[in-house]
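So the structure is just underneath, and the comments pick up after that.
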Amino acid sequence: MKVLSVNVGLPREVMWQGKRVTTGIFKEPVKGRVMIRTLNLDGDQQADLTVHGGVSKAVYAYPSEHYDYWQSELPGMDLPWGMFGENFTTDGLLENAVYIGDRFRIGETEITVTEPRMPCYKLGIKFGRGDIIKRFLASGRTGFYFAVMRQGIVGAGDAVELIGREQQEISVADVTRLYSVDRSDVKSLRRAIQVEALPESWKGYFEHQLEKQAGE
């Protein structure tokens with residue numbers, strides 16, 4: 001497992017459907033090594049902090065393995081590393097085998113998996129097409145966010161080492177499935193809300209789903 005590319009970008013203004021929008025989704029690969037801090041990487045910022053960024057979304061990773069799928073889905077489109085707004089383009093880390101609470105070491109940095117990425121309209125801006133949002137979520141190829149437990153410097157080519165895992169094994173793919181496909185899986189919902197690393201917003205959503213199931 002390793003980091004193939006480290007990508008950063010500062011917010012910029014763009015026109016979208018006749019409106020001026022500020023977005024930080026435009027990321028480009030960095031040459032050399034970059035400092036990862038509690039809220040983001042040096043040279044990287046999020047535009048709308050109400051839905052992006054924060055401690056639980058400090059770093060976004062997207063598996064390089066998904067690029068071939070999207071190239072077949074979007075023939076003729078240029079898809080450089082960082083196209084999905086990810087900070088890390090990774091190799092060997094897939095949503096069904098990465099668990100919420102997994103702790104990884106990358107160089108001197110330690111990070112913890114917190115949640116899958118839920119796409120917003122700004123992904124449509126990046127791709128120039130609104131349908132990418134539904135297609136992205138339906139594909140299950142969401143990538144995942146990290147919280148930074150220990151700050152440090154990282155670079156392309158760095159190995160990603162698993163150093164810890166929670167007892168409640170809820171994968172990134174499980175969270176996406178419980179959100180978009182199988183909201184009646186009571187057993188998995190109950191397990192998910194026990195995962196310490198899962199953000200409170202997700203736990204609240206899943207608790208609401210459990211309440212709905214109990215009331216039916």
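Values quoted throughout were computed directly from the atomic coordinates according to the rules given, and no laboratory measurement underlies them. Keep in mind the model is a prediction, meaning the values are calculated, not measured. Here the Cβ positions follow ideal geometry from the backbone for every residue, glycine too, while neighbour counts run over all protein chains shown.
With contributions of -39500 (n - 2.57) from each DSSP H run of at least four residues, the per-residue ellipticity at 222 nm computed over the chain stands at -7000 deg cm²/dmol. The count of lysine pairs in segment 2-166 whose Cα atoms are under 28 Å apart, excluding pairs fewer than 8 places apart on the same chain, comes to 22. Here residue 2 and residue 153 are evaluated by their C-beta separation; at R0 = 22 Å the FRET efficiency comes out at 0.90.
Rounded to the nearest whole Hz, the Karplus-based 3J(HN,Hα) values (6.51 cos²θ - 1.76 cosθ + 1.60, θ = phi - 60°) of segment 58-69 follow the sequence 6, 9, 10, 10, 9, x, 4, 4, 7, 5, 5, 4, with x at glycine and proline.
Find out how many positive minus negative residues lie around residue 141, taking Lys and Arg as positive, Asp and Glu as negative, among other residues whose Cβ is under 12 Å from that of residue 141. That sum, taken over residues with Cβ under 12 Å, equals -3. Across segment 65-109, Cα-Cα pairs farther apart than 12 Å form 72% of the total. In plain terms, the chain from residue 186 to residue 65 could stretch by 40.5 nm, reckoned as 0.36 nm per residue minus the Cα-Cα distance. Under a 5 Å amide H cut-off, with hydrogens placed 1.01 Å from N, residue 16 pairs with 21 among residues at least 5 apart or on other chains. Across all directions, the average flat footprint of the convex hull enclosing the Cα atoms of the chain is 12.1 nm².
Inter-label distance, residue 17 to residue 129: 1.7 nm, where each label sits 7 Å from its Cα along the C-beta direction. Just checking the listed ones, 44, 102, 182: in the Gaussian network model of the chain with Cα springs under 10 Å, the one fluctuating most is 182.
Rg and Dmax of segment 33-152, both derived from C-alpha coordinates alone, stand at 14.1, 40 Å. A Förster distance of 22 Å, applied to the separation of the beta-carbon atoms of residue 165 and residue 211, puts the FRET efficiency at 0.15.
Per-residue 3J(HN,Hα) values for segment 146-161, derived from phi via the Karplus relation 6.51 cos²θ - 1.76 cosθ + 1.60 with θ = phi - 60°, read 10, 9, 8, 8, 9, 6, x, 9, 10, x, 4, x, 5, 6, 10, 10 Hz in sequence order (x marks Gly and Pro). Got a sec? Which residues in segment 1-29 would a label at residue 139 touch, if it sits 7 Å along Cα→Cβ and we count backbone N under 14 Å? Output list for this probe position: empty.
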